[in-house]
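Read the structure below first, then the notes.
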Amino acid sequence: MRNSFKSSEEALAYRSALRRRVWSALEEAGVAAFPRPVYGRIPNFVGAEQAASRLVRVLLDAGVSAVFVNPDAPQAPVRRMLLEEGVKVYVSTPRISRGFVLLDPSLTPKGRAREASTISGLFKYGRAADPRDMPRIDAFVAGSVVVDHGGGRLGKGEGYSELEYAILAHFKLVDEGTIVATTVHDLQVVESQIPLMPWDLTVDIISTPTRLIRVGGPRQRPTSIDCGLIPRGKILEIPILRELCVQA
């Protein structure tokens, strides 16, 4: 059973141990990439380009026209390749502190997709995107520290991917038809099942440098913003959450 732990504290401790194990495995195997060390991060890894290429081919075959991609380093190749293929890419600013940004391929100068896919390029070539004006999102790409074969996923423990998805769900931009995917190194895919918490986001597709895993089984998706689950400090740091969660 996925959630066979006796208490949530026990499950949370196991999740933390899984993260530490994977971060250590990447560093010890010599496949951790800049920025290093990868501890405490969505880890960049050797082979991120190959994992991105595998995923982007699948997304293009699905006919995507607007894709959300997290802002972390290992997913920069996903952002670049989608831009090069003429797909609109929506990205959250780090910690969602400045909301969302659109990278529009029609407005990105030729030959600048690689630069635009970086954090500095995001602010140079992107433009602010209000969820009220965004189109339906065909696919949501999340960064991960650990994933399992059933689609369970752990980020670095701060909940930003779940918040990003919840915000988009609040504005009816994602739903059960939205593809949720991640790119990771093979060492980040574990055989044991990750114990899930109520706020967790599971994935449909896991793309690694060597394979594509299509996940079957139950999905878990936030359908709205649950302000009661979000620390007040985080609400106050994120403008859109202040607007939606703090009573006037």
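Taking every protein chain into account, the accessible area of the stretch 98-248 amounts to 45 square angstrom per residue (probe 1.4 Å).
Ligands, DNA and RNA left out, the 1.4 Å accessible surface of the stretch 159-226 is 53% carbon and sulfur atoms.
Only protein heavy atoms count here; under a 1.4 Å probe, residue 148 has an accessible surface of about 0 Å². Taken along its three principal axes, the alpha carbon spread of the stretch 1-47 comes to 37, 18, 15 Å, from the longest extent down to the shortest. What the pair-distance distribution of the stretch 97-165 shows, using all Cα-Cα distances binned every 5 Å from zero, is 3, 13, 19, 21, 19, 14, 9, 2, 0 percent.
Shape summary of the stretch 60-148, radius of gyration then Dmax from alpha carbon positions: 12.1, 39 Å. Selection among 137, 97, 8 by position relative to the dipole of the chain gives 97 as farthest towards the positive end (Cβ unit charges, Cα centre).
Within the accessible area of the stretch 6-94, the carbon and sulfur atoms contribute 51%, probe 1.4 Å, all protein chains present.
Taking amide H atoms as placed 1.01 Å from N in the peptide plane, the amide H of residue 99 lies under 5 Å from those of 93, each 5 or more residues away in sequence or on another chain.
Convex hull volume of the Cα atoms of the stretch 42-83, normalised per residue: 60 Å³. Normalised by residue number, the volume inside the convex hull of the Cα atoms of the stretch 138-248 is 104 Å³ per residue. Working note: Cα gyration tensor of the stretch 150-189, eigenvalues times five, square-rooted, sorted largest first, giving semi-axes of 22, 13, 7 Å. Over the chain, dividing the summed -39,500 (n - 2.57) contributions of all DSSP H runs of at least 4 residues by the number of residues returns a 222 nm mean residue ellipticity of -9500 deg cm²/dmol.
For the residues 234, 124, 172, 156, a 1.4 Å probe over the protein chains yields an accessible-area ranking, largest first, of 172, 124, 156, 234.
Accessible surface for the stretch 1-88, divided over its residues, is 48 Å² per residue with a 1.4 Å probe.
The phi torsions of the stretch 157-170, fed into the Karplus equation with coefficients 6.51, -1.76 and 1.60 and a -60° offset, translate into couplings of x, 9, x, 6, 4, 5, 5, 4, 5, 4, 5, 5, 5, 4 Hz, rounded to whole numbers, with Gly and Pro shown as x. Sorted from longest to shortest, the spans of the Cα atoms of the chain along the three principal axes equal 52, 49, 32 Å.
The values are calculated or read from the model by the stated rules, or taken from the named source; none is laboratory data. If you're wondering where the values come from, they're calculated on a predicted model, not measured in any experiment. All Cβ positions, glycine included, derive from the backbone under ideal geometry; neighbour counts span all protein chains shown. Remember, those area values only see protein heavy atoms, side chains included, never the ligands or the DNA or RNA. Shrake-Rupley method; radii C 1.70, N 1.55, O 1.52, S 1.80 Å.
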